[in-house]
Amino acid sequence: MLFPSRVERLFAPDSIDHLFGKLLLVFVVSLIALILAWQGKRMAWHLFSGTLQERRLMSPARARTMQALLASLWAFIVYTMAVVIILGLFIPATALFPTLGLFSAAFGLGARPLVSDYLTGITLIFEYPFAVGDKVELNGIQGTVEAVNLRTTSLRSTTGELYIVPYGDIRVIRNFSRGAFSIASIHVTIPTRDLDRALPIVEALAEHVHQHLDGQLVEIPQLVSESGELGGTTTLTLVAKARFNQGVKVRRRLLELVSERLEGAGIAELA
């Protein structure tokens, strides 16, 4: 019978030796791939954590991000080549490339999200929309970037959870760590009858703090009424733009000064 004859040939001494040799080559190729991937990670660490930072050509956050992305890219290339070499041990060369073409087409159709993740990860190497340590918002999730690789970003949310966000799902990136300014606006509620006295006081204070807050304000604060309504009381907003990451500090100082000035003039306290 045909089937038993094939089984006999497979387990013949010379076939067994040939199969064992191929399995040994598979082990050697896999081991070399692991070593190369590990060495690539070390070289990326040495390049971005050592040479470039010693010469101050790159920030630490940028260096950590590039290190992770390039190490992942190198590992992806090495493992892909290892798979091709291993397939070449069992598939004839004339059939290898057509097989790889069919496999690539099937893989591209069946794993489009995965392919999209990797392609987007490669573009991050050049675009650099965020770095390790940045506070960002991805897909409606706000948090701090803890780690990046070629396919996903690890995002620690403000409530403590760890989110793994695939790059292919990201459409809009909101980076809080690269803002031009921080909002430090305050709201003041005063009786409408005191409006004519309160306006000059707050406007004079706005010019004063812009000159005396050690350059922490981007521009002179503007006093506006967001609702535009009058009643027994009127709510005014002192729109202030502080230097980036100085919003909380400047807002607290503005509250103290406005409260002090209005109380000293006999006008109601802040609401």
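The values are calculated or read from the model by the stated rules, or taken from the named source; none is laboratory data. Bear in mind that the values here come from a model prediction, so they are computed numbers and not experimental data. Glycine gets a Cβ as well: all are built from the backbone with ideal geometry, and neighbour counts include every protein chain shown. All accessible areas refer to the heavy atoms of the entire protein, side chains included, with ligands and DNA or RNA removed. Shrake-Rupley method; radii C 1.70, N 1.55, O 1.52, S 1.80 Å.
Take the conditions in contact (Cβ under 8 Å) with a residue 24 or more places away in the chain, open to solvent by less than 70 Å² (accessible area, probe 1.4 Å) and either under 30 Å from ALA75 (Cβ atoms) or in contact with a helix residue (DSSP H, G or I) (Cβ under 8 Å, 6 or more places away or on another chain) (or both) and apply them to SER154. Does it pass? Give the steps one after another, and end with the answer.
Details: in contact (Cβ under 8 Å) with a residue 24 or more places away in the chain: no; open to solvent by less than 70 Å² (accessible area, probe 1.4 Å): yes; either under 30 Å from ALA75 (Cβ atoms) or in contact with a helix residue (DSSP H, G or I) (Cβ under 8 Å, 6 or more places away or on another chain) (or both): yes.
Here the answer is no, as SER154 does not meet what is asked.
So which of SER177, SER182 ends up being touching a Phe, Trp or Tyr at 6+ places or on another chain (Cβ under 8 Å), assigned to a helix (DSSP H, G or I) and touching a residue at least 24 places away in the same chain (Cβ under 8 Å)?
Every option except SER177 fails the conditions.
Could you pull out the residue among TYR163, TYR167 that is open to solvent by 30 Å² or more (accessible area, probe 1.4 Å) and among the hydroxyl-bearing types (Ser, Thr, Tyr)?
Checking each option against the conditions leaves just TYR163.
In the stretch 185-198, how many are part of a helix (DSSP H, G or I), touching a residue at least 24 places away in the same chain (Cβ under 8 Å) and open to solvent by 60 Å² or more (accessible area, probe 1.4 Å)?
Total meeting the criteria: 1.
Looking at PHE126, PHE107 in this structure, which one is in a helix (DSSP H, G or I), open to solvent by 60 Å² or more (accessible area, probe 1.4 Å), modelled with pLDDT under 75 and within 30 Å of ASN245 (Cα to Cα)? Explain how you work it out, then say what you get.
On the way: PHE107 fails: within 30 Å of ASN245 (Cα to Cα).
On inspection, the qualifying residue turns out to be PHE126.
Among the residues of the stretch 194-214, is any touching a Ser or Thr at 6+ places or on another chain (Cβ under 8 Å) and modelled with pLDDT of 80 or more?
Yes, the stretch 194-214 contains at least one residue that is touching a Ser or Thr at 6+ places or on another chain (Cβ under 8 Å) and modelled with pLDDT of 80 or more.
Which condition does LEU138 not pass, out of (1) more than 30 Å from SER259 (Cα to Cα); (2) open to solvent by 70 Å² or more (accessible area, probe 1.4 Å), if it passes all the others?
(2) is the only condition that LEU138 fails.
Please count how many residues of the stretch 211-254 are free of Cβ contacts under 8 Å to residues at least 40 places away in the same chain, under 24 Å from ARG197 (Cβ atoms) and of a type in the set (A, V, I, L, M, F, W, C).
Count: 4.
Could you tell me which numbered condition PHE244 fails, if it satisfies all but one of (1) touching a Gly at 6+ places or on another chain (Cβ under 7 Å); (2) modelled with pLDDT under 80?
Unmet for PHE244, out of (1) touching a Gly at 6+ places or on another chain (Cβ under 7 Å); (2) modelled with pLDDT under 80: (2).
If we keep just the residues of the stretch 163-201 that are basic (Lys, Arg) and within 40 Å of the chain's Cα centre (by Cα), which is nearest to GLU256 (Cα to Cα)?
In this case the residue turns out to be ARG178.
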